[in-house]
Amino acid sequence: MKKTSLMMVLSLTSFVASNAQLFVGGGFGFDAQSGSYEYDGNKSDTPSEVSFDFSPQVGFMLSDDFGVGAYLSFGLTRENDKGDPETIDKSSSVAFAPFARYYAFRFNKFSFYGEAQASLGFGSSKTEYDGDETDGPKTSEVGFYVFPGMAYDISNRFQLMARINAFGLGINHQISKNDETDVIVRSTDAGLHVSMNSIVTSGYITVGAIIKL
């Protein structure tokens, strides 16, 4: 019985994989900033910051209207206050977010979809002062979100996507623990928001893209 059930699961998985269309997306970013100021003949460096982030997306279109996949996110940040002595703050984060996306309405090359997304993330930080390094808070975060979006097919393989932030439903729970002080902070944020004011402002729409392989 167990062998038969396993064969059925493997057969279904193989069928889905062979009939599904793979798509990929995501982003990569690197940013560095620094500077200096001069006053009364004295020159000093301003705080500097270097950050890196990598957020690939991969999924499968199981039908013309339904797709599943996952986002990954990695981030690193280093800040230096350029003081005497220097204070250097370092932080890192990683997150995983599976999602399901349903295209409910299509008109020519335009389509509207709804997306449900779960997320799990972890972060840590360190502070270095005058050569001594201490650990900062470690965070863990879990959440669930539902939001609408719209898409435009540039070609059969390339699609622009825009998340509409004027409407959303979500819940997020975060735990922050400092091993140095044994302080644990827990917070939960849940809400439903609808806003029709300034919906065309860039802050209300996030645009991305996927490539269908």
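Considering the range 83-131, and only residues there that are within 15 Å of the chain's Cα centre (by Cα) and aromatic (F, W, Y), the residue that is farthest from S155 (Cα to Cα) turns out to be F122. Whenever a residue of the range 155-176 is within 22 Å of V142 (Cα to Cα) and modelled with pLDDT of 80 or more, its partners that are outside any strand (DSSP E or B) and not acidic (D, E), lying with C-beta atoms within less than 8 angstrom and at least six residues away or across chains, give the pairs S176/P137. Restricted to the range 126-167, the set of strands (runs of 3 or more DSSP E) holding at least 1 residues that are within 20 Å of S111 (Cα to Cα) and not hydroxyl-bearing (S, T, Y) comprises 138-153, 158-164. Residues in the range 20-38 include at least one that is in contact (Cβ under 8 Å) with a residue 40 or more places away in the chain, out of contact with any helix residue (DSSP H, G or I) (no Cβ under 9 Å at 6 or more places or on another chain), surrounded by 14 or more Cβ atoms within 10 Å (Cβ to Cβ) and not in a strand (DSSP E or B).
Inside the range 75-93, residues that are hydrophobic (A, V, I, L, M, F, W, C) and loosely packed, with under 14 Cβ neighbours inside 10 Å make up a count of 0. Restricted to the range 110-141, and to residues there that are β-branched (V, I, T) and either surrounded by 14 or more Cβ atoms within 10 Å (Cβ to Cβ) or in contact with a Gly (Cβ under 8 Å, 6 or more places away or on another chain) (or both), the residue that is farthest from G67 (Cα to Cα) is T127. For the range 59-74, a tally of residues being over 13 Å from the mean Cα position of the chain (by Cα) and either among the aromatic types (F, W, Y) or surrounded by 14 or more Cβ atoms within 10 Å (Cβ to Cβ) (or both) returns 9. Just to be sure I understand the filter: pairs with C-beta atoms under 8 Å, separated by 6 or more residues or on different chains, first member in the range 39-54 and under 11 Å from D81 (Cβ atoms), second member hydrophobic (A, V, I, L, M, F, W, C) and assigned to a strand (DSSP E or B). Which pairs pass? Pairs that qualify, where the first residue is under 11 Å from D81 (Cβ atoms) and the partner is hydrophobic (A, V, I, L, M, F, W, C) and assigned to a strand (DSSP E or B), are S48/A32; E49/A32. Taken together, the criteria place R106 among residues that are surrounded by 13 or more Cβ atoms within 10 Å (Cβ to Cβ), among the charged types (D, E, K, R), modelled with pLDDT under 90 and in a strand (DSSP E or B).
The values are calculated or read from the model by the stated rules, or taken from the named source; none is laboratory data. No experiment lies behind these values; they were computed from the predicted model shown. Ideal geometry is used to build each Cβ from the backbone, glycine not excepted, and the neighbour counts take in all protein chains shown.
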